[in-house]
Amino acid sequence: MIGYLIRRILYAVPILVGVNLITFVLFFMVNTPDDMARAQLGAKQTTPAMIQAWKHEHGYDKPLFYNSSAKGIEQVTDTLFVRESFRLFLFDFGRSDANRDIAEDIKSRMGPSLSIALPTFLIALVTNITLALLLVLFRGSVFDLSMMIVAVMIMSVSGLFYIIAGQVLFSKIWHWVPISGYAEGWESIKFVLLPIAIGVFAGLGAGVRWYRSIFLEQVHQDYVRTARAKGLSEIAVLFRHILPNGMLPILTGVVVVIPSLFMGSLIMESFFGIPGLGSYTIDAINAQDFAIVKAMVFLGSVLYILGLILTDISYALFDPRVTL
Amino acid sequence: MLIILLHPTLFASVWNSPYPEREMKGNTLFGVFSSPPKHLDPVLSYNANEWHIIGQIYEPPLQYNYLKRPYQLEPLTLTSMPKITYLDMSGREVKKTDKTVAYTRYRLHFRNDIFYHEDPVFAKQQDGTLLYGALSNSMIEKLHSTSDLPIHATRHLQASDYAYAIKRMAVRQYHSPVLDTMMQYIVGLDQFSVQISKIAAETFRQHKKLDLRPYHIKGVQVQDNETLDIVIHGKYPQFLYWLSMYFFSPIPWEADLFYQQEGLKHKNLTLDTQPVGTGPYYLAVNNPNRRIVLKRNLHFHREYYPSLTPKEAESASIERQLLRDSGKQLPFIDKAVYTLEKENIPLWNKFLQGYYDASGISSEAFDQAIQIGTGGEMGLSDAMRKRGIRMLSSVSPSVFYMAFNMEDPVVGGYSPAKQKLRQAISIAQDQEEYIAIFMNGRGIAAQGPIPPGIFGYEKGKAGTDLYVYDWENGKRVRKNIETAKELLAQAGYPGGISMKTGKRLKLYYDTVATGPDDRALMEWRRKQFAKLGIDLVIRATDYNRFQEKVRKGKVQIFSWGWNADYPDPENFLFLLYGGNAVVDTNGSGINSTNYKNPEFDALFREIKTMDNTPQRLQKIEKMIKIAQKDAPWVWGVFPTSFTLLHGWFRNVSANAMANNTLKYKRIDVKQRLKQQIQWNQPVYAPLFWIVFIAAILILGMVRIYRKAQNVTLKRDEVQS
């Protein structure tokens, strides 16, 4: 397995270089360093001297990919792309164009993002699996049919609707929780309850339908018939036999998203005033803050690759037929 | 159920309060900010959101009187207004009217009873060096904020702190947005900037701290602890307004050196995030992504709520309630909590619940908040009045206009035909309709570049653009479209068809309004031009490209806006001064329409250095008439801002120029708490319904399950 991991990590390097290259090309196609300087300086009258000073301080006075004024290897290394990419691979995100430490910002925003994303993920997983098992238990009944209709209805409505409706119902009309906001420690519970509840509910339709189909595949397997023939109750069959066998596709589908939980949710965090990472990249794009954009794209790619590696590992751990 | 069971404030009087109970019961203001402030360093900050915060912390020498109108400057940290002396080239004092005036000296005499708020930057060792000037990495690692450091101290404000701030402004690496403007005025600032920026580059390269105390600007002289002289080139009366801006806030050298420590920068603890000032408040919490908390500065100097004579109160339309605290010591509020609210819906609902003391009116909430009377006048809706909410409205010192590029061969130029073409387009643009449709009536149609409240603005017929409006029965009436068509024909485009080419006139409008919400606006624009038979082509572009096109003069027609830096007509008229034409200044000029009229320019140079006298007013009127005839802009709109205030929020006066207004405001905490509890009682009934439905569902499922388990298969079913 260690050999496999090393191989996968080495494969990740060219992927990350490629992602970085695309980020650089796309960003600088839309924004020139002069535009970035103007946006950051925020002055009503921006002079060439101001722009030059800003570009020099942030290193944007260097050529992007090829430095014709340098000599030898420096023609390639003394460029914005190589200098910034190298730092990223060392996880040195540097300072934003607005002069804030990016690593410190990510660290301080990751907690609030996780305070919603992680409980939502776990509660949704448990709820979806439980409901899916219940539907499998009552498969073909009116209950199953009506729940499937409800699931499709839940899936069909935009997540934004749930957010606004949830805020109106639970906060504005019933006065149960704050409409938005955040606090540190235990105080945060009352702020995250509603976003978590909405997050779980909004994902209920798709989750339950998916897990139900996985469990239904198992229901007709020979081992299930054998278990029933042994005289086990339907609940015992579900929990002791169907659930463990159905967990393999569920785990592999779920593990891949775990690392990306750190990145937060843009809409949820905006509406609930959660100071997480969700809007960090979008705000940076709007502010033309390339330092943050490249750092977040890089981090997102790393987490995605990590998710894929974890998925492979989980295959090997849970399915004895698979070896890495 | 989960929500209720896990609720940490299950036994509190209200469940939905976003604040801890101690904060709700305290003398605290609850406000919002819509985007995280990027810079709190006064050398850098140039944004209303940021000034709203630092305005409570830093104190420049002057401030705007909170209540007097027109806006009037008064001493803030000075004992009196600056003493102004005019000097000739040799430095000899001369009369103001003397033609040999080469310099103006502003002598600033500071109060000696002003202290900074307590801060660890002032903690010193016995030898006078900073106690925390060289923090170890392990100490820095433990810090969440510099206030975690145990020893805090304060010191007197000194004239040298203001000189230090100007020296910081000169350092290119600090990116002051006004350095290039100030270099034109402050004597020696340009040479000093070149010199100190070189030193700074070398110092920063060696990772050393830059101490500006040993360096001096020729035109900025510290006479003693309380006296500072600033000498500027020639005459520039608007310099006084600059002295009320935060670029001229005092910076203690201790704070500058303390925050240059490398380790602190990695924790985002810099002067850009941790202001150190003498104002009524200090920054207690700075989480720009969530909330900003200001607390009362216990060392704040004596300052009193302003008083007005009955005549002044009448001319400024000041209500009596606003004068109840006259003469009382400031500030009234102990703490201010500002929360980041990016979305309008939560903000509005929290305001209605009483968790914010004031709110603007978003388009989503407009119908709920405002009702329009039969005469078109706007007032609060009954629902708002029942809650004791009040409305404050004022015309902002801003202008939004549609500009013609005067360098453009089709719409630009100064010939009578070109003037008539632009006048015709100006008439066709129905600004009143625009304001009603797209601004919910929140604005007034402009007649020139100067908004109400600024010297030079005139009401009535005298202030009417008679090229666009008629004055009928004491009212402005937009000229009819036939007049516009006639002008267009005289310009060489009868019915919108060019007499030269026989083709329909096609004009190009550049805009950044590319979203789906902007479609209606663009359609409206097309319609306005279509009234004259002109085809309008919308060229949508991103903001960077749009700016570039404007800078290079590659636009034909576009919309633009301006917010006043200071309440002087010069700050608006310079938008049309030929010397500021954007194409002639390598893109750094402010005159984006490239309007250049020698007569207008000559008058501008005169009014620029004049006091607000009848002679100045006369010249300004003349300038506006010239501009109205040339019509480089379709004058557009002066926006009106509306603010809603709860009944418990007092002493709030609309002052668009002052940012340091928190100290004047007052909260009736008891009333607020009472109404918050009254408005936010939890509703229990849905809880019982949820339990009831869940119980029925569970029981039903158990029953179905048991039934299914007890089914005995019949013989034929088994066989099949």
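With θ set to phi - 60°, apply the Karplus curve 6.51 cos²θ - 1.76 cosθ + 1.60 along the stretch B:241-258 and write out the HN-Hα couplings as whole Hz, x wherever there is a Gly or Pro.
5, 4, 6, 9, 8, 6, 4, 9, 6, x, 10, x, 4, 4, 5, 4, 6, 4
For peptide B:172-183, compute the average count of partner chain beta-carbon atoms within 10 Å of each residue's beta-carbon.
Partner Cβ neighbours, averaged per residue: 5.
Taking amide H positions as placed in the peptide plane 1.01 Å from N, state which residues far from B:VAL94 in sequence (5 or more) or on other chains have amide H under 5 Å from it.
Placed amide hydrogens put B:TYR86, B:LEU87, B:ASP88 under 5 Å from B:VAL94.
Would chain B count as rounded, prolate or oblate if I go by the C-alpha gyration tensor, calling it rounded below 1.5 in a/c and otherwise prolate when a/b exceeds b/c, oblate otherwise?
Oblate, because a/c is 1.5 or more while a/b does not exceed b/c.
Relative to the present Cα-Cα distance, how much length would full extension add between B:GLU606 and B:GLU472 at 0.36 nm per residue of separation?
44.8 nm
Roughly how big is chain A's charge dipole about its Cα centre, with Cβ charges of +1 (Lys, Arg) and -1 (Asp, Glu), in debye to the nearest 20?
780 debye
Mind scanning B:LYS25/B:LYS665; B:LYS506/B:LYS554; A:LYS44/B:LYS629; B:LYS461/B:LYS629 and naming the pairs with a C-alpha gap bigger than 19 Å?
Checking Cα-Cα distances, A:LYS44/B:LYS629 exceed 19 Å.
From the C-alpha coordinates alone, can you work out the Kirkwood hydrodynamic radius of the stretch A:85-163, in Å?
16.7 Å
May I ask you to list the lysines whose Cα is less than 23 Å away from that of B:LYS267, ignoring any residue fewer than eight positions away on the same chain?
Once the sequence-local lysines are set aside, what remains near B:LYS267 is A:LYS107, A:LYS294, B:LYS38, B:LYS124, B:LYS142, B:LYS208, B:LYS209, B:LYS295.
Specify the inter-centroid distance of the stretch B:341-365 and the stretch A:190-220, based on alpha-carbon positions, in whole Å.
Going from one Cα centre to the other spans 33 Å.
Tell me, B:VAL583, A:VAL293, B:VAL121 in order of fewest to most beta-carbon neighbours within 10 Å?
Least to most surrounded, the residues fall as B:VAL583, A:VAL293, B:VAL121.
Across every pair of different alpha-carbon atoms, what Kirkwood hydrodynamic radius in Å does the stretch B:64-200 reach?
Value: 18.9 Å, from the Cα pair sum.
Putting +1 on Lys and Arg Cβ atoms and -1 on Asp and Glu Cβ atoms, find which of B:MET384, A:GLY246, A:SER141 reaches farthest to the positive end of the dipole of the protein assembly as shown.
Value: A:SER141.
Select from A:PHE27, A:LEU10, A:MET50 the residue farthest towards the positive end of the dipole of the stretch A:2-89; place +1 on Cβ of Lys and Arg, -1 on Cβ of Asp and Glu, and compute about the Cα centre.
Projecting each Cα onto the dipole axis, the largest value belongs to A:LEU10.
In whole Hz, with x marking every Gly and Pro, tabulate ³J(HN,Hα) for the stretch A:186-202 from phi via Karplus 6.51 cos²θ - 1.76 cosθ + 1.60, θ = phi - 60°.
5, 4, 6, 4, 5, 7, 8, 4, 5, x, 5, 4, 5, x, 5, 5, 5
Enumerate by residue number the trypsin sites (Lys or Arg not before Pro) in the stretch B:248-302 meeting two conditions: DSSP loop (anything except H, G, I, E, B), and at most 12 other Cβ atoms within 10 Å of the site's Cβ.
Listed in order of number, the matching sites are B:ARG302.
Would you list, by chain and number, the aspartates and glutamates whose Cα falls below 16 Å from the Cα of A:LYS55, excluding same-chain residues fewer than 8 positions away?
Qualifying aspartates and glutamates at Cα under 16 Å: A:ASP34, A:ASP35, A:ASP78, A:GLU84, A:ASP97, A:ASP289.
Calculate, for B:GLN72 and B:LYS142, the FRET efficiency according to 1/(1 + (r/R0)^6) with r their C-beta to C-beta distance and R0 51 Å; round to the nearest 0.05.
Efficiency at R0 = 51 Å is approximately 0.60.
Where both partners of a DSSP beta bridge lie in the protein assembly as shown, what percent of those bridges are antiparallel, to the nearest 5?
80 percent
Out of all DSSP beta bridges in chain B, what portion is antiparallel? Express it as a percent rounded to 5.
Antiparallel bridges: around 80 percent, rounded to the nearest 5.
Mind giving me the FRET efficiency for B:LYS218 and B:LYS95? R0 is 35 Å, r the Cβ-Cβ distance, nearest 0.05 is fine.
After rounding, the FRET efficiency stands at 0.90.
Pull up all non-local amide H partners of B:SER559: gap of 5 or more, or a different chain, and H-to-H distance under 5 Å with H placed in the peptide plane.
Amide H to amide H, under 5 Å and 5 or more residues apart or across chains, B:SER559 pairs with B:ALA403.
Where in chain B lies the longest segment free of GluC sites (Glu not before Pro) that are both loop residues by DSSP (not H, G, I, E, B) and have at most 13 other Cβ atoms within 10 Å?
B:378-720
For B:LEU29, enumerate residues with amide H under 5 Å from its amide H, sequence gap 5+ or separate chain, H modeled in the peptide plane.
Those qualifying (amide H under 5 Å, at least 5 residues apart or on another chain) are B:LYS335, B:ALA336, B:VAL337.
Taking the beta-carbon count within 10 Å as an exposure proxy, list A:MET153, B:MET623, A:MET36 from fewest neighbours to most.
In order of increasing Cβ crowding within 10 Å: A:MET153, A:MET36, B:MET623.
I'd like the mean, over residues of B:286-297, of how many other protein chain beta carbons sit within 10 Å of each residue's own Cβ.
Across the residues of B:286-297, the mean count of other-chain Cβ atoms within 10 Å is 3.
Which whole-Hz couplings ³J(HN,Hα) result when phi for each residue of the stretch B:367-378 is put into the Karplus expression 6.51 cos²θ - 1.76 cosθ + 1.60, θ = phi - 60°, listed in order with x for Gly and Pro?
Result, ordered by residue: 5, 6, 8, 10, 10, 9, x, 5, x, x, 6, 9 Hz.
Starting from the 7 Å offset along Cα-to-Cβ, what nm value, one decimal, do you get for the label separation of A:MET247 and B:HIS152?
Between A:MET247 and B:HIS152, the simple spin-label model gives 5.3 nm.
Placing unit charges on C-beta atoms (Lys and Arg positive, Asp and Glu negative, everything else neutral), compute the dipole magnitude of the stretch B:171-327 about its Cα centre in debye, rounded to 20.
Roughly 540 debye, rounded to the nearest 20.
Quote the charge dipole size of the protein assembly as shown about the Cα centre in Debye, to the nearest 20; the model charges only the Cβ of Lys and Arg (+1) and of Asp and Glu (-1).
Dipole about the Cα centre, nearest 20: 1400 debye.
Using R₀ = 45 Å, calculate the FRET efficiency as 1/(1 + (r/R₀)^6) where r is the Cβ-Cβ separation of A:VAL257 and B:LYS629; round to 0.05.
Given R0 = 45 Å and the Cβ-Cβ separation, E is 0.10.
Using the Cα gyration tensor of the protein assembly as shown, with a ≥ b ≥ c the square roots of its eigenvalues, what is the shape: rounded (a/c below 1.5), prolate (a/b larger than b/c) or oblate (neither)?
Note, shape of the protein assembly as shown comes out prolate.
Checking the a/c ratio against 1.5 first, then a/b against b/c, what shape does the Cα gyration tensor give for the stretch A:2-89?
Judged from the Cα gyration tensor, the stretch A:2-89 comes out prolate (a/c at least 1.5, a/b above b/c).
Every number in this text was worked out from the coordinates using simple rules, so none of it is lab data. Bear in mind that the values here come from a model prediction, so they are computed numbers and not experimental data. So basically every Cβ, Gly included, is an ideal-geometry build from the backbone, and we count neighbours across all protein chains shown.
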